[in-house]
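The values are calculated or read from the model by the stated rules, or taken from the named source; none is laboratory data. Being a predicted model, the structure only gives us computed values, none of them experimental. No Cβ is skipped: glycine too gets one built from the backbone with ideal geometry, and neighbour counts run over all protein chains shown.
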């Protein structure tokens, strides 16, 4: 059975053109939704994938109506293949998985997507290393500034209880301990007066 999937991104757009094209292509059943392709929650697409039977062919007017990225397309195509169904795009005939050439193209896409993912990981890692070398600190901002830590050390040296100093600085006592112990080259002052 030919099953159509039509999607537009906003409520202001209509599905008439996609409906007509999918009807002319022989789609007996249509799943339609008005939702951004960037959203993971596409209930009609989920229903379509759950509805598939062996031999069905999911048909779309364009691949971008079905998937938001190459990885998303490959994941959806894999789910369709697991159901022993096919995928066909009216605008991109080379992506017809009911034909050997279409399956080969998607296999090449999978390889390209995997290669692209590897390059992104490699570039991200190299960027992090370079940023660290320039002194960039990753992660959340420190709860206490260097001046606050110095002030806390002075108060503790004057026998102020750590709990009171932490309250004054509006941090938890454990945060204050970590800050006092993390300053390089500055051993923590003796902590007294819990």
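In table form, for the structure just shown:
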{"read-out": "Index of the failed condition, residue 48 passing every other in (1) farther than 17 Å from residue 26 by Cβ; (2) in a helix (DSSP H, G or I); (3) at pLDDT 90 or above", "value": "(1)"}
{"read-out": "Complete set of residues in the stretch 44-60 that are surrounded by 18 or more Cβ atoms within 10 Å (Cβ to Cβ) and either touching a strand residue (DSSP E or B) at 6+ places or on another chain (Cβ under 6 Å) or over 18 Å from residue 1 (Cβ atoms) (or both)", "value": "48, 56, 57, 58, 59, 60"}
{"read-out": "Selection from the stretch 73-94 of residues that are in contact (Cβ under 8 Å) with a residue 12 or more places away in the chain and under 25 Å from the mean Cα position of the chain (by Cα)", "value": "73, 74, 76, 77, 79, 80, 81, 87"}
{"read-out": "Looking only at the stretch 75-97, and only at residues there that are loosely packed, with under 15 Cβ neighbours inside 10 Å and assigned to a loop (DSSP other than H, G, I, E, B), the one that is modelled with the lowest pLDDT", "value": "91"}
{"read-out": "Residue pairs meeting the criteria (Cβ under 8 Å; at least 6 apart or on separate chains; first free of Cβ contacts under 8 Å to residues at least 60 places away in the same chain, in the stretch 116-136; second part of a helix (DSSP H, G or I) and surrounded by 11 or more Cβ atoms within 10 Å (Cβ to Cβ))", "value": "116/70; 117/71"}
{"read-out": "Residue match in the stretch 51-74 (condition: more than 21 Å from residue 93 (Cα to Cα), out of contact with any helix residue (DSSP H, G or I) (no Cβ under 6 Å at 6 or more places or on another chain) and not in a loop (DSSP other than H, G, I, E, B))", "value": "yes"}
